[in-house]
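*Asks:* One structure, as structure tokens, below. Some questions next.
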Amino acid sequence: MRICAIALVGLIALTGCGKKKGGSHDGGLGGFVSGGSGGNDNPASGPTDLPTDLPSGMPTDLPSGAPSDLPSYDAPTPSYTYSAPPTYNSDGTNDITATGCDYDESSRSFQYTLNLRNPETQSMHYSITIEWEDQNGGSLLGSDYKSVTVASGSSQTLSATSYRTLTQQTSFTCKVTSALKYPSST
């Protein structure tokens, strides 16, 4: 009987029958309360048996930046070269010499002969305006417009003409008032 009583006391001690924890009792049955099912228990926390002795001797002199043994990248060099377009003087009056400023009574026209020489390294297009003016009053007696393309280093002769009937003797001058030149696209 004594052994039975000791066994019963040991069993009660192990199972915790009739023991309260935190003011709650698990449905009136004996046993241990687990996981904080009581009303004012603290919330569950993580495991408390984690190791605190982390390994030592970890390297502290880690390199910063890129490793030096990686190949470097060089930007590709372009396979073309840029050259600026040739420069030129857009005023073509210096490329023109003119002769034969005259009036032809039979055709009733003013005459002027222009000799163009293109000194540029490329073909040029010329837009030329020619005027005949009265020397006495400065009034315009006639005009002509010429448009021509001259190859690089080449020359060309043009005849400028303006038709007008003169009823009296008139002194006049011939002049190239503008000669614009620009590179030819052809």
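The values are calculated or read from the model by the stated rules, or taken from the named source; none is laboratory data. Since the model is a prediction, treat every value here as computed from it, not as a measurement. Please note: Cβ atoms are built from the backbone with ideal geometry, for glycine as well, and neighbour counts cover all protein chains shown. Heads up: the accessible areas ignore ligands, DNA and RNA and are worked out on the full protein's heavy atoms, side chains in. Shrake-Rupley method; radii C 1.70, N 1.55, O 1.52, S 1.80 Å.
*Asks:* Please identify which residues in the range 141-183 have an amide N closer than 19 Å to a label point set 7 Å out from the Cα of Thr99, following the Cα→Cβ vector.
*Replies:* The answer is 154-161, 174-176.
*Asks:* Quick one: ranking Asp74, Asp134 by accessible area, 1.4 Å probe, largest first, what do you get? Numbers along the way, then the final one.
*Replies:* Details: Asp74 120, Asp134 30 Å².
Ranking Asp74, Asp134 by accessible area, largest first, yields Asp74, Asp134.
*Asks:* As a test of reading the structure, rank Lys181, Lys175 by solvent-accessible area (1.4 Å probe, protein chains only), most first.
*Replies:* Details: Lys181 5, Lys175 85 Å².
These residues rank, largest area first, as Lys175, Lys181.
*Asks:* Now for a different question. Return the sequence-ordered ³J(HN,Hα) values of the range 143-158 in whole Hz as given by the Karplus equation 6.51 cos²θ - 1.76 cosθ + 1.60 applied to θ = phi - 60°, using x for Gly and Pro.
*Replies:* After applying 6.51 cos²θ - 1.76 cosθ + 1.60, I find 8, 8, 10, 10, 10, 8, 10, 10, 5, 4, x, 9, 10, 8, 10, 10 Hz.
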